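A.B. asks: So that we are looking at the same thing, I have put the structure below in structure tokens.
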Amino acid sequence: MFLDLVGFDGRFAPMPMGFGWHPHSGIANVTVMLEEAVRYAETTGQQGVLSAGGVEWMRAGNGVWHAGAPEEGRVKAFQLSVALPPALENAANASHYVMPKDVPVEGPAGDLGEYGDAKSPIAAPPMSYLSVSLRAGERWTYHPTKGHTVAWVAVVAWAGALKQLR
């Protein structure tokens, strides 16, 4: 797994499709848009715009090429690259783009996977990817699904000290 906080200014994109066409295989990318929007295109024929709050799940499987470019403004997103289980490494590629209004929410958490009563429309390996937004003074506790043994936490911004993480 590799987690990246992506941030760049759309006014200074180096080419019409900013990131340029590039390949992936044997992995999946999960992109959660935090600010603004990104235009995307793939060799699968999918293309469109993913705005803040939206989620991309691109299973590269046996290979896919894609490109992306920021719309106007400062773009910020988390992108997680996930190694696929052996059975899916060479499977057909598949992509799902979930618009912000369609991302399931349980309390302060937007969800890829299952959390509480929220279930993602994306068929992904057994994992939960939560985007949690808390207001000042608000608390939230996460109880992992039985059998989950790995957790990552990435803080984008906070107005105070991170007091406790278990």
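A.B. asks: With the checklist (1) open to solvent by 40 Å² or more (accessible area, probe 1.4 Å); (2) without any contact (Cβ under 8 Å) to a residue 40 or more places away in the chain in hand, flag the one item MET99 doesn't pass.
C.D. replies: (2)
A.B. asks: What number goes with the only condition from (1) within 15 Å of the chain's Cα centre (by Cα); (2) within 23 Å of VAL155 (Cβ to Cβ); (3) surrounded by fewer than 19 Cβ atoms within 10 Å (Cβ to Cβ); (4) in contact (Cβ under 8 Å) with a residue 24 or more places away in the chain that SER128 does not pass?
C.D. replies: Status for SER128: all satisfied but (4).
A.B. asks: Now, a different point. Can you list the strands (runs of 3 or more DSSP E) lying wholly within region 73-152 that have 3 or more residues being farther than 18 Å from MET1 by Cα? Please lay out each step first, then the result.
C.D. replies: On the way: elements: 74-83, 94-98, 109-112, 129-132.
Strands (runs of 3 or more DSSP E) meeting the threshold: 74-83, 94-98, 109-112.
A.B. asks: Looking only at region 21-44, which residues are over 14 Å from HIS96 (Cβ atoms) and assigned to a loop (DSSP other than H, G, I, E, B)?
C.D. replies: Within region 21-44, TRP21, SER25, GLY26, GLU36, THR43 meet the criteria.
A.B. asks: For region 141-148, indicate whether the set of residues that are within 26 Å of ARG39 (Cα to Cα), charged (D, E, K, R) and open to solvent by 30 Å² or more (accessible area, probe 1.4 Å) is non-empty.
C.D. replies: Applying the first criterion (within 26 Å of ARG39 (Cα to Cα)) to region 141-148 yields none.
No, every residue in region 141-148 fails to be within 26 Å of ARG39 (Cα to Cα), charged (D, E, K, R) and open to solvent by 30 Å² or more (accessible area, probe 1.4 Å).
A.B. asks: Here's something else I'd like to know. If a residue must be of a type in the set (S, T, N, Q) and open to solvent by less than 50 Å² (accessible area, probe 1.4 Å), how many such residues does region 45-83 contain?
C.D. replies: Step one: of region 45-83, the residues of a type in the set (S, T, N, Q) are 46-47, 51, 62, 79, 81.
Right, trim to open to solvent by less than 50 Å² (accessible area, probe 1.4 Å) and you get 51, 81.
The qualifying residues number 2.
The values are calculated or read from the model by the stated rules, or taken from the named source; none is laboratory data. As the structure is a computational prediction, the values presented were derived from the model and not from experiment. All Cβ positions, even for glycine, are placed from backbone atoms using ideal geometry, and neighbour counts span all protein chains on display. Heads up: the accessible areas ignore ligands, DNA and RNA and are worked out on the full protein's heavy atoms, side chains in. Shrake-Rupley method; radii C 1.70, N 1.55, O 1.52, S 1.80 Å.
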